[in-house]
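Just below is one structure, and these are the notes that go with it.
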Amino acid sequence: MKQILKKEKSIFIFCLMYIGWLTAFRYLFIDTTSQSLFASFGISLISYLPILLLAFTCYRKEMKQWLNLQMLWPPIIGLIVYIAVSIFICFLLASDLTIDSASFIYTVVEYLLMTGVWEEIMYRGIVYTTFKTKRGKGFAGLMSCILFTAAHLPVLMSGHTNDIFGFVVLSILISVIFICLFERTHSLWLAIFCHALWDLNNAIAFPLFIYLAVVMLIEQLIKYRKRKKTMKKTKLSSSYEES
């Protein structure tokens, strides 16, 4: 069963079934998500249940690699800097700014721990890597973009936007960006945090590219520190041999 669900056709069929599930689910609960934070959280969790089950039953080994905790620190440090600067700028621009703490915390948790994690595991992790194995990066990226965009079309049902063409182009664009981040870092963490911040752009409006710049800078500093340590060890070993 696990080997079947790791094949391209099976993943494609699974995605189509999941999109149908998501569409029906959002249609059924579109008027109830605003009743309470607890109800909204529960509805969101159930909507991602198929991805959760697939990931934990068939892709547990891959998830350990994609979610390697050693790759988590740069995105977290970048996130702290990003939020601190964003809030500071918000308060500068609006001194009377008020935040509903319960709603804000729920929004952050939902986008970061649910939307960001499970969508990235599905479309950049499972879909992209499954098709990449036999079809190459180009075809895998295309399938990831198509399925990611198709899964977000039900958002149009909720009346968030009437510009279908712009919505599709934007979904494809951010999907390509997240794929590039995944390829660059060989980890889903940076894509997860960027995905969450993209969804949070109404709550924290500071430009996303600033976050990416901060994370890239941190990564470069870590690499520089590692190179410096390696050079020191090389010099010590060479001086020891000479003596």
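The values are calculated or read from the model by the stated rules, or taken from the named source; none is laboratory data. No experiment lies behind these values; they were computed from the predicted model shown. In case anyone asks, the SASA skips ligands and DNA or RNA and just uses the protein heavy atoms, side chains included. Shrake-Rupley method; radii C 1.70, N 1.55, O 1.52, S 1.80 Å.
Suppose the filter is of a type in the set (A, V, I, L, M, F, W, C), open to solvent by 30 Å² or more (accessible area, probe 1.4 Å), modelled with pLDDT under 90 and assigned to a helix (DSSP H, G or I); does residue 151 pass it? Give the derivation first.
Values: of a type in the set (A, V, I, L, M, F, W, C): yes; open to solvent by 30 Å² or more (accessible area, probe 1.4 Å): no; modelled with pLDDT under 90: yes; assigned to a helix (DSSP H, G or I): yes.
The answer is no for residue 151.
Would you mind telling me which numbered condition in (1) open to solvent by 70 Å² or more (accessible area, probe 1.4 Å); (2) at pLDDT below 75; (3) closer than 26 Å to residue 190 by Cα residue 89 fails?
Result: residue 89 fails condition (1) only.
Which one of these does residue 81 not meet: (1) at pLDDT 75 or above; (2) more than 15 Å from the chain's Cα centre (by Cα); (3) open to solvent by less than 30 Å² (accessible area, probe 1.4 Å); (4) under 20 Å from residue 190 (Cα atoms)?
Of the numbered conditions (1) at pLDDT 75 or above; (2) more than 15 Å from the chain's Cα centre (by Cα); (3) open to solvent by less than 30 Å² (accessible area, probe 1.4 Å); (4) under 20 Å from residue 190 (Cα atoms), the odd one out for residue 81 is (3).
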